[in-house]
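This report refers to the structure that appears directly beneath it.
The values are calculated or read from the model by the stated rules, or taken from the named source; none is laboratory data. All of these numbers come straight from a predicted model, not from anything done at the bench. Note that we place each Cβ from the backbone using ideal geometry, even for glycine, and neighbour counts take in every protein chain shown.
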Amino acid sequence: MSKTSTAVDWRESRRQFARTAIVEAAWAAVREEGLGALSLRDLASRAGITTPTVYAYFESKNAIYDAMFGQAATDFANRLAEPYDTDDPREVLVGSLRRFVGFCTADVARYQLLFQRTIPGFEPSPESYEPAVQALGGSRDLLTLNGVSDARHLDMWTALVTGLVDQQISNDPGGDRWVCLADEFVTMFLTHCQSPTRPARRSSPPRRTGDKP
């Protein structure tokens, strides 16, 4: 290996080490103060560098959020992709729901960054968002294995499971009041989606007494 290539590798390693340290400091900060309270000055202090040095590795605060999002999305996708100890589609779906809730409730700041628009003006880059797309595809596959393939039902699933997380975080942090409903939750959802006699959607809202024709 030439001296030039060795120097390049050393600089890249140093750059990656510095970026990792900054992102780790950012996670520590938002877990203490909240996502919206991230301060580059505080971040630099936590990372043991100066504020201008932060800009040597990240062009903006949103670039730091993007790196955090990419890391969190990758961890999320990897967690959901871990093998299950059963091949039964319904039990796998229940297990996936439990994993989702457990992952989200374990780190509220991470959950907010991934699934709520907490940071005004922030949108993750396509590269950082890709693992989340993969995770959604995995959920779609699990639903298909359970006979659920309507796009509306995927929307229902994502809305319901995030609602379950919100209830757990808001009303029983650290507990399992809503987590323990996972099995019944899946039964209710599959019963609705697999029913051949679902009510037809109304073409217009029902009229109230006194409404004009």
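Summary of computed values
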quantity	calculated
Selected residue (criterion: surrounded by the fewest Cβ atoms within 10 Å (Cβ to Cβ)) from residues of region 32-85 that are touching a Lys or Arg at 6+ places or on another chain (Cβ under 8 Å) and among the small types (G, A, S)	A67
Complete set of residues in region 108-148 that are free of Cβ contacts under 8 Å to residues at least 12 places away in the same chain and closer than 29 Å to D88 by Cα	V133, G137, D141, T144
Test set (1) under 30 Å from N62 (Cβ atoms); (2) not in a loop (DSSP other than H, G, I, E, B); (3) not β-branched (V, I, T) - R117 fails condition number	(2)
Single condition C193 does not satisfy, out of (1) surrounded by 13 or more Cβ atoms within 10 Å (Cβ to Cβ); (2) farther than 17 Å from G95 by Cα; (3) at pLDDT 95 or above	(3)
Condition check for T118: among the polar types (S, T, N, Q), crowded, with 19+ Cβ neighbours inside 10 Å and within 23 Å of G174 (Cα to Cα)	no
Only listed residue being in a helix (DSSP H, G or I) and either among the charged types (D, E, K, R) or over 24 Å from S128 (Cα atoms) (or both), chosen from V101, V54, V94	V94
Unmet criterion (only one of (1) under 29 Å from V133 (Cβ atoms); (2) assigned to a helix (DSSP H, G or I)) for A44	(1)
